[in-house]
Amino acid sequence: MGPGDLSRALAPLVPSEDPRLIVGRETFDDAGVFRLSDDLALVQTVDFFAPIVDDPYTYGRVAATNALSDVYAMGGEPLTALNIVGFPVKKLPIEVLTEILRGGQTVVQEAGAVIVGGHTVDDEELKYGLSVTGRVDPRRILTNAGARVGDRLLLTKPIGTGLIATAFKKWRDKMPAEVEARMINVMTTLNRDASRAAVALGLRCATDITGFGLLGHASHIARASHVGLRITVDRIPVIDGAGHAFELGARTAGGERNAEYLSGAKPLVDWGVGRTAFESALLIDPQTSGGLLVAAAPDLVDDYVQRVPGTAEIGVVVPGDGRIELQ
């Protein structure tokens, strides 16, 4: 669901007031955090979706990497995972499901976690993902609400997976194979190192870039932290091939929903002038298993970039009321 629809669905519900719940849904963080003791809390999340690539094993890897990312975005370490499966038993060979589960298990093991079970239903549409439980020191959590004026915004992976995946579904014969390989590499790279570097350096703010797009997730930081964000568009790393996908006509329904959310009654983004159609599409493009967007004090930027190669500095935290300024 898009962020606008989700916000409306949640609005009538009364938030939990349990004092042990350190991070709930109010700040649109990536996972919930539940305190067990002064130095231990659980991080809990769930994520699943329909196939984004054709190969079942790769699909399992991508979906698992994406689900684990929510724990890393909170500064946590994954412990256990439960498979979630919707599978059209009468339409697909059961061997397809085996390969999906094998791909997911491979990634969970790479993360140092354990799959302890799961749940399956016979479904018309194939879906797969994980419910993940992790651990975190409650004194060292990464949240949307931790950005401070003057912090630099760091993005650890390039964006463009939504546009590229859409292009491969519609015009596979017109998309170079190496572009798909680059996209898969991005989507199957764990955010473990990016998360551990943030925690080691004492950072307090991060989110992972997934279905709400770069601007959607950045807006959650801006609003939860009660600041503004200034993002320099030409500094944003992009997967090589995303532009070609856009030229072919790749567009996503998720991107349209993200755009509606950002341009509501109180617009969340100042788009600036001279913005190209491709840039606009890229900034709202729903990502699958994207990188972390981290806020770091200026004197920690170089250290973080050295620890997490490929990280780009894309902006700065400024005084504000939850809006994003593009330049």
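Computed from the coordinates by the stated procedures, all read-outs in this text should not be read as laboratory data. All figures in this text were calculated on a predicted structure; none of them were measured in a lab. All Cβ positions, glycine included, derive from the backbone under ideal geometry; neighbour counts span all protein chains shown.
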Query raised in the report: Can you work out the FRET efficiency for the pair Glu26 and Ala50, with r the C-beta to C-beta distance and R0 = 35 Å, to the nearest 0.05?
Result: 0.75
Report summary line: Between Asp5 and Arg135, the two model label points (7 Å from Cα along the beta-carbon direction) sit apart by a distance in nm of 3.9 nm
Query raised in the report: Which semi-axes, in whole Å and largest first, does the equivalent ellipsoid of segment 12-140 have when worked out from the alpha carbon gyration tensor as the square roots of 5 times its eigenvalues?
Result: 30, 16, 11
Report summary line: At R0 = 56 Å the Cβ-Cβ FRET efficiency linking Glu178 and Ser16, nearest 0.05, sits at 0.75
Requested in this report: For segment 251-267 and segment 90-159, write down the distance between their C-alpha centroids in whole Å.
Outcome: 25 Å
Report summary line: Per DSSP loop assignment and a cutoff of at most 10 other beta carbons within 10 Å, the chain keeps its longest run without exposed GluC sites (Glu not before Pro) at 126-327
Report task. Identify the residues of segment 1-23 with backbone N under 13 Å of a label point that sits 7 angstrom from the Cα of Ala253 along the Cα-to-Cβ direction, or state none. Result -> 1-2
Requested in this report: Quick one: dipole size for the chain, taken about the Cα centre, charges +1 on Lys/Arg Cβ and -1 on Asp/Glu Cβ, in debye to the nearest 20.
Outcome: 220 debye
Report task. List the lysines whose Cα lies under 27 Å from the Cα of Lys91, skipping any in the same chain that are fewer than 8 positions away. Result -> Lys127, Lys169, Lys170
Report task. Evaluate the charge dipole of segment 34-192 about its Cα centre and quote only its size in Debye, nearest 20, assuming +1 on the Cβ of each Lys and Arg and -1 on the Cβ of each Asp and Glu. Result -> 440 debye
**Report entry** Backbone HN-Hα couplings from phi across segment 34-47 [Karplus 6.51/-1.76/1.60, Hz, Gly and Pro as x]
**Finding:** 10, 6, 9, 7, 4, 10, 8, 9, 8, 10, 10, 8, 8, 7
Report summary line: When the charge dipole of the chain is computed with +1 on Lys and Arg Cβ and -1 on Asp and Glu Cβ about the Cα centre, the Cα farthest towards its positive end, among Val53, Leu142, Thr210, belongs to Leu142
Requested in this report: Let me know the charge dipole size of segment 144-326 about its Cα centre in debye, to the nearest 20, where only the beta-carbon of Lys, Arg (+1) and Asp, Glu (-1) is charged.
Outcome: 380 debye
Requested in this report: Taking just the C-alpha trace of the chain, give me its Rg and Dmax in Å.
Outcome: 18.9, 58
Query raised in the report: Under the rule of -39500 (n - 2.57) per DSSP H run of 4 or more residues, summed and divided by the residues of the chain, what mean residue ellipticity at 222 nm is obtained, to the nearest 500 deg cm²/dmol?
Result: -11000 deg cm²/dmol
Report task. Could you order peptides 265-272, 68-75, 200-207 by the average number of other Cβ atoms within 10 Å of their residues, highest first? Result -> 68-75, 200-207, 265-272
